[in-house]
Amino acid sequence: MNKKWKLVTIIFAFAGLVSCKTDKQNEDFSQQEIAEASAALNAYFDAEFEEDVEDSPMLQTQLGRKTDYDKWDDFSTAKYSEDLEKAKERLKYLKDNVDEEQLDKETRLSYRLYMQELENEIDDYEYRFYNYPVNQMFGHHTNIPAFLINMHRIDSVGDARAYIARLKGVPKAFDDVINGMKIREQNGILPPKFVFEKVLESTRNVIKGKPFSSSQESSAIMEDFKSKVDKLEIPEEQKLELIAEAEQALLGSVQPAYEKMILTLEDQQQRATADHGAWKFPKGDKYYNLRLKRITTTDLNANEIHEIGLAEVARIHGEMEAIMKEVGFEGSLQDFFEFMRNDKQFYYTTDAEGKEQYLKEATGLINTMKGRLDELFLTTPEADITVKAVEPFREKSAGKAFYQSPAIDGSRPGIYYANLYDMNAMPTYQMEALAYHEGIPGHHMQRAISQEMDSMPMFRKLSSYTAYNEGWGLYSELVPKEIGFYEDPYSDFGRLAMELWRSCRLVVDTGIHDKKWTREQGIEYYKQNTPNAESDCIKMVERHIVMPGQATAYKIGMNKIVELREEAKATLGEDFDIREFHDVVLLNGAVPLNVLEEMVQEWANFKKSE
């Protein structure tokens with residue numbers, strides 16, 4: 001047995017004990033009965049997962065499957081009630097047919113997580129319209145072209161025709177999205193005014209270039225289709241025929257759909273206001289506190305999170321002042337921020353050469369970290385990772401950096417996307433921490449390992465808890481320092497700057513949605529307390545506004561992981577092995593923070609008793 005699977009066996013021997021019960025609960029059942037009940041429940045989980053996959057052509061594509069390759073998901077509001085009924089039926093089945101005490105420990109964890117997901121889905125139905133399906137951070141207007149470009153492979157003529165069919169299906173998809181936008185407005189859920197200008201620009205960008213205009217450059221979708229078809233080993237005449245069909249679909253289906261979306265956005269823009277917080281919604285306070293609970297998987301309220309943020313900002317400022325003295329800078333912390341913000345030594349040029357240099361160095365950082373992983377981990381992912389720039393059609397409004405998971409079948413690597421639209425917002429001193437967060441040992445390690453765990457049902461491999469996922473990402477910025485990385489004090493300042501950024505998020509998110517801060521107040525707080533570019537500050541506050549609570553997950557999650565590590569160190573003393581700790585955190589996939597706490601404590605107590 002190799003070290004990976006030996007460790008997995010050991011971890012599951014104790015980490016599955018997350019029902020807060022002991023092995024005694026199995027005494028009434030034979031090993032055969034436990035094995036049979038657990039196998040039956042796992043078969044149920046797999047069957048229900050396959051039902052969900054069958055219901056989602058886009059998930060099928062993400063999983064590397066080519067069934068329903070010519071279709072989009074159902075974006076209609078009727079789908080919400082269908083999903084609610086499905087959740088209720090599943091919950092009833094589990095309550096009526098499953099005896100939790102008859103399950104083995106690992107299946108008990110799956111049962112607990114599945115039940116919680118169902119209960120949350122049912123409880124959250126009341127707030128199904130409390131979001132903005134089209135906003136400057138994400139939405140179907142950019143998701144659809146990004147999906148085609150990044151997910152839809154063309155390995156045959158059939159795949160090309162499926163791509164064309166998806167182009168022809170855009171009008172129906174957009175009609176459903178537009179209907180949902182109108183229902184939300186009727187319910188008092190309308191994006192603030194600033195969102196519309198940004199969204200309109202990115203929506204118009206999709207239908208720029210050939211064949212939508214006489215421009216010399218092709219549109220992003222057309223360029224993608226042509227490049228993929230060009231690689232097919234088919235006659236040139238057939239390639240030209242497929243490209244002509246795609247052009248017709250773009251002109252006859254995609255362009256009218258986008259024009260209709262633009263008209264809808266322009267219409268709603270006239271009624272938008274400058275109120276930014278969730279407090280403006282009906283039952284907005286209740287909704288925001290529920291969001292915090294779901295996002296952080298804790299019971300922390302808005303004020304508690306706000307105070308944690310203030311305390312962390314003060315602590316990190318103190319550590320930054322120490323670095324300021326180390327590099328011999330004279331002046332205030334604000335002066336140092338200004339220096340880091342503007343000195344040209346910390347920025348690559350804004351031309352293609354500068355952007356290529358950034359991608360090359362980010363790739364180098366990830367490759368260097370790969371060579372040191374054995375010092376930190378017993379388990380590493382099989383999937384590879386690549387670094388790409390965010391595509392031009394969405395780079396202006398997209399986030400600073402993000403990660404896309406590899407295909408579960410191994411056909412596509414994980415992708416660390418760096419947004420190089422504004423090179424002044426991508427300082428080199430933050431490059432290390434950003435690469436570790438999005439790549440290795442951050443999101444790529446966490447998500448790829450989860451997907452590769454054969455012992456887990458599929459729903460757990462693909463589950464996501466923001467506080468766990470992003471907490472691990474932020475924790476992964478810290479860990480390299482502990483094995484000698486960030487040798488340059490400016491890079492260590494960059495690490496602190498990114499942790500500071502996430503700490504400010506606790507203050508500003510709760511400020512906007514609970515304390516009724518304005519957009520301008522939020523921007524000013526970031527400008528006064530961080531070294532980030534003003535464009536960063538604006539984009540972050542606008543992200544808070546359209547994604548209430550989401551940004552609080554990072555620091556809350558990191559704090560919990562660090563807290564659990566220190567508790568385990570105290571329990572185990574010299575027997576503490578950070579590699580084993582990391583496997584305990586990673587090898588059960590994404591879990592709520594309270595469940596993670598139980599797993600780590602169980603592991604530490606188990607190891608101590610050996």
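The values are calculated or read from the model by the stated rules, or taken from the named source; none is laboratory data. Note that the coordinates shown come from a computational prediction; the quantities given were computed from them, not determined experimentally. Positions of Cβ are generated from backbone atoms using ideal geometry, with glycine treated the same way; all protein chains shown enter the neighbour counts.
Within the group Leu242, Leu265, Leu292, which residue is under 30 Å from Pro592 (Cβ atoms) and surrounded by 16 or more Cβ atoms within 10 Å (Cβ to Cβ)?
Only one candidate qualifies: Leu292.
Out of the residues in the stretch 595-610 meeting the condition of being touching an Asp or Glu at 6+ places or on another chain (Cβ under 9 Å) and in contact (Cβ under 8 Å) with a residue 12 or more places away in the chain, tell me which one is nearest to Leu113 (Cα to Cα). Before you say what the answer is, go through the steps one by one.
Kept after step one, since they are touching an Asp or Glu at 6+ places or on another chain (Cβ under 9 Å), are these residues of the stretch 595-610: 597, 600-601, 603-604, 607-608, 610.
Checking which are in contact (Cβ under 8 Å) with a residue 12 or more places away in the chain leaves us with 597, 600-601, 603-604, 607-608.
On the way: Glu597: 14, Val600: 17, Gln601: 18, Trp603: 19, Ala604: 22, Lys607: 25, Lys608: 27 Å.
Here the answer is Glu597.
If you go through the stretch 521-530 one residue at a time, do you hit one that is assigned by TED's automatic domain parsing to the domain that holds Met426, more than 18 Å from the chain's Cα centre (by Cα) and not in a helix (DSSP H, G or I)?
yes
Give just the number: which of (1) over 27 Å from Asp577 (Cβ atoms); (2) part of a loop (DSSP other than H, G, I, E, B) does Glu487 not satisfy?
(1)
Name the single residue, out of those in the stretch 427-453 being of a type in the set (A, V, I, L, M) and part of a loop (DSSP other than H, G, I, E, B), that is surrounded by the most Cβ atoms within 10 Å (Cβ to Cβ).
Of everything passing the filter in the stretch 427-453, Ile440 is surrounded by the most Cβ atoms within 10 Å (Cβ to Cβ).
Show the residue pairs meeting these rules: Cβ distance below 7 Å; 6+ apart or different chains; first residue within the stretch 490-504 and farther than 16 Å from Gly471 by Cβ; second residue polar (S, T, N, Q) and part of a helix (DSSP H, G or I).
What qualifies is Gly494/Gln430; Ala497/Gln430; Cys504/Asn529.
Restricting the search to the stretch 389-402, which residues are in contact with a helix residue (DSSP H, G or I) (Cβ under 9 Å, 6 or more places away or on another chain) and closer than 21 Å to Val541 by Cα?
Selection gives Arg394, Lys396, Ser397, Ala398, Gly399, Lys400, Ala401, Phe402.
Residues to consider are Lys239, Lys182; find the one that is within 30 Å of Tyr288 (Cα to Cα), in the same structural domain as Ala274 (by TED's automatic domain parsing) and in a helix (DSSP H, G or I).
Lys182
Residues checked against (1) surrounded by fewer than 18 Cβ atoms within 10 Å (Cβ to Cβ); (2) among the acidic types (Asp, Glu); (3) without any contact (Cβ under 8 Å) to a residue 60 or more places away in the chain:
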{"site": "Gly188", "(1), (2), (3)": "yes, no, no"}
{"site": "Ser202", "(1), (2), (3)": "no, no, no"}
{"site": "Pro211", "(1), (2), (3)": "no, no, yes"}
{"site": "Met222", "(1), (2), (3)": "no, no, yes"}
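Can we say Gly511 is surrounded by fewer than 24 Cβ atoms within 10 Å (Cβ to Cβ), assigned to a helix (DSSP H, G or I) and at positive phi?
No; evaluated as a whole, the condition is false for this residue.
Got at least one residue in the stretch 262-273 being touching a Ser or Thr at 6+ places or on another chain (Cβ under 9 Å), touching a residue at least 60 places away in the same chain (Cβ under 8 Å) and part of a helix (DSSP H, G or I)?
yes
Give the stretch 185-207 a look and list any residue that's closer than 17 Å to Gly252 by Cβ and in a helix (DSSP H, G or I), or say none.
Listed by number, the list holds a single entry, Val206.
What is the one condition in (1) modelled with pLDDT of 95 or more; (2) crowded, with 23+ Cβ neighbours inside 10 Å that Lys539 does not satisfy?
Only one criterion in (1) modelled with pLDDT of 95 or more; (2) crowded, with 23+ Cβ neighbours inside 10 Å is unmet by Lys539, namely (1).
Is there a residue being under 20 Å from the mean Cα position of the chain (by Cα), surrounded by fewer than 18 Cβ atoms within 10 Å (Cβ to Cβ), assigned by TED's automatic domain parsing to the domain that holds His544 and among the acidic types (Asp, Glu) anywhere in the stretch 373-390?
Yes, the stretch 373-390 contains a residue that is under 20 Å from the mean Cα position of the chain (by Cα), surrounded by fewer than 18 Cβ atoms within 10 Å (Cβ to Cβ), assigned by TED's automatic domain parsing to the domain that holds His544 and among the acidic types (Asp, Glu).
Would you mind stating whether Glu100 is of a type outside the set (S, T, N, Q), over 25 Å from the mean Cα position of the chain (by Cα) and either within 30 Å of Ile154 (Cα to Cα) or surrounded by fewer than 15 Cβ atoms within 10 Å (Cβ to Cβ) (or both)?
no
Filter the stretch 357-372 down to the residues that are within 20 Å of Met445 (Cα to Cα) and in contact with a strand residue (DSSP E or B) (Cβ under 7 Å, 6 or more places away or on another chain) and list them by number. Break it down stepwise before answering.
Going through the stretch 357-372, the residues within 20 Å of Met445 (Cα to Cα) turn out to be 359, 361-372.
Hits for the stretch 357-372 are Leu359, Ala362, Thr363, Ile366.
Taking the residues in the stretch 531-571 that are under 16 Å from the mean Cα position of the chain (by Cα) and of a type in the set (A, V, I, L, M, F, W, C) as candidates, determine which candidate is nearest to Gln136 (Cα to Cα).
Val546
Show the residue pairs that are 6+ apart or on different chains and have beta-carbon atoms under 7 Å apart, the first residue being within the stretch 279-297 and under 14 Å from Phe129 (Cβ atoms), the second being in a helix (DSSP H, G or I) and among the small types (Gly, Ala, Ser).
If the second residue must be in a helix (DSSP H, G or I) and among the small types (Gly, Ala, Ser), the pairs left are Gly284/Ala278; Tyr287/Ala278.
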